[in-house]
Amino acid sequence: MRAAVNGRGMEQAMAPVVSDVLARMRSAAIEPVLATGLAEWLSRCGESVTAAVMAERDIERQDLDLCISLGGDGTLLDSVALLGRAGIPVLGINLGRLGFLSNVRLEEVDEALAALKEGRYALQDRSLLEVIGHDALLGTDNFALNEVSIHKRDTSSMISVHVHLGDDFLNTYWSDGLIIATPTGSTAYSLSCGGPILYPTSDALVINPISPHNLNVRPFVVPDHYTIRLQLAARADLCLLNLDARSHTIDGQTVVTVRRAPFPVRMVQFEGHDFLRTLRDKLNWGLDLRSAGR
């Protein structure tokens, strides 16, 4: 088995930890193939880099069975962007803090690697969003796992976003911005803005304003077969178009069209690492302080 390994932005003290994970992978008969940035970082940290390095083009032709993301959820989002449309399954090993998507803890690495070697895992398809009609700006990097969002830039003024579901007008949002979230992204930025939690395989999207001016405007869940058209009407010349953590400057009068992407991300799932357990463990879902001492 050959596994791409990606990581980003870690402190130098984590370099021996990453090297140890790579050694454990080899012991489990999993050949690591390092992303260029991770290989360069290990080398700068004084670690010996003996693994192959992944070419960043034609990833689907490099005989990779899966991708292991080393870090937090931001790293996993980077890994999804790196893999593009290759259809390679992704596993997140948490070297960060919360690790909602990267939910394999460091102390569970050997168990997870053994399960990979023995085929004791399942694959779960997670839907993506794609932005269409902005090829010159985004190229093929026009998709997001968590959310596509519009946000004001360099001004205290709100922006107006006229939203259509297909051909039908939904609403005009006066706010600091607007989030279109996938079920996976419903536990990310959208949740922090008061949005609902969706089960990861739901065929739905969340439309969620950021600090709306009208208090009677609330997050709205819609079927994901809709194409969502966002007509910006900002007082400022420029706004931000964000695809997960990737930001692009756009004109304040731009039309942004968002839809479910025609391809998913395939997430590695181990027994006991289901979404409901993650809700309880990571978000303290249902925690009752009255029973904490029992």
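A few remarks follow.
- 1 or more residues of a type in the set (V, I, T) and closer than 26 Å to S247 by Cβ: qualifying helices (runs of 4 or more DSSP H) within the stretch 45-147: 73-83
- The residues in the stretch 29-52 that are within 21 Å of L116 (Cβ to Cβ) and surrounded by fewer than 18 Cβ atoms within 10 Å (Cβ to Cβ) can be counted, and the count is 4.
- Selection status of M25, crowded, with 20+ Cβ neighbours inside 10 Å, in contact with a strand residue (DSSP E or B) (Cβ under 9 Å, 6 or more places away or on another chain), at pLDDT 95 or above and of a type in the set (A, V, I, L, M, F, W, C): yes
Conditions (1) surrounded by 19 or more Cβ atoms within 10 Å (Cβ to Cβ); (2) under 17 Å from G84 (Cα atoms); (3) of a type in the set (F, W, Y); (4) in contact with a strand residue (DSSP E or B) (Cβ under 6 Å, 6 or more places away or on another chain), marked per residue:
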{"residue": "G99", "(1), (2), (3), (4)": "yes, no, no, no"}
{"residue": "N103", "(1), (2), (3), (4)": "yes, no, no, no"}
{"residue": "L113", "(1), (2), (3), (4)": "yes, no, no, no"}
{"residue": "R126", "(1), (2), (3), (4)": "yes, yes, no, yes"}
{"residue": "L129", "(1), (2), (3), (4)": "yes, yes, no, yes"}
{"residue": "A136", "(1), (2), (3), (4)": "no, no, no, no"}
{"residue": "G139", "(1), (2), (3), (4)": "no, yes, no, no"}
{"residue": "I150", "(1), (2), (3), (4)": "yes, no, no, yes"}
{"residue": "T155", "(1), (2), (3), (4)": "no, no, no, no"}
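- Subset of the stretch 210-229 that is without any contact (Cβ under 8 Å) to a residue 40 or more places away in the chain and in a strand (DSSP E or B) - its residue that is farthest from H162 (Cα to Cα): P223
- Residues (farther than 14 Å from R153 by Cα, among the hydrophobic types (A, V, I, L, M, F, W, C) and in contact with a Lys or Arg (Cβ under 8 Å, 6 or more places away or on another chain)) located in the stretch 199-246: L205, I228
- Inside the stretch 8-33, residues that are more than 13 Å from G96 (Cα to Cα) and β-branched (V, I, T) make up a count of 3.
- The condition of being surrounded by fewer than 21 Cβ atoms within 10 Å (Cβ to Cβ), under 28 Å from C239 (Cα atoms) and touching a residue at least 40 places away in the same chain (Cβ under 8 Å) holds for N171.
- Residue match in the stretch 241-249 (condition: over 25 Å from the mean Cα position of the chain (by Cα) and among the hydroxyl-bearing types (S, T, Y)): no
- Residue match in the stretch 174-189 (condition: over 29 Å from L283 (Cα atoms), out of contact with any Cys (no Cβ under 6 Å at 6 or more places or on another chain) and of a type in the set (F, W, Y)): yes
- Residue in the stretch 231-239 that is at pLDDT 95 or above and not in a strand (DSSP E or B) present: no
Residue by residue, here is whether (1) within 24 Å of G92 (Cβ to Cβ); (2) modelled with pLDDT under 95 holds:
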{"residue": "I132", "(1), (2)": "no, no"}
{"residue": "R153", "(1), (2)": "no, yes"}
{"residue": "S156", "(1), (2)": "no, yes"}
{"residue": "T184", "(1), (2)": "yes, no"}
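- Criterion (in contact with a Leu (Cβ under 8 Å, 6 or more places away or on another chain), surrounded by 17 or more Cβ atoms within 10 Å (Cβ to Cβ), within 19 Å of G185 (Cβ to Cβ) and not assigned by TED's automatic domain parsing to the domain that holds D141) met by exactly one of G72, G7: G72
- Test: residue in the stretch 105-125 that is assigned by TED's automatic domain parsing to the domain that holds H273, closer than 29 Å to A181 by Cα and basic (K, R): yes
- Flag for V18 being part of a helix (DSSP H, G or I), on the phi < 0 side of the Ramachandran plot and in contact (Cβ under 8 Å) with a residue 60 or more places away in the chain: yes
- Residue within the stretch 25-40 that is touching a residue at least 40 places away in the same chain (Cβ under 8 Å) and among the β-branched types (V, I, T) present: yes
- Taken over the stretch 158-195, the criterion of being in a loop (DSSP other than H, G, I, E, B) and within 19 Å of A144 (Cα to Cα) is satisfied by T182, P183, A188, C193, G195.
The values are calculated or read from the model by the stated rules, or taken from the named source; none is laboratory data. All values reported here derive from a predicted model rather than from experimental measurement. Reconstructed Cβ throughout: ideal geometry from the backbone, glycine too, with neighbour counts over all protein chains shown.
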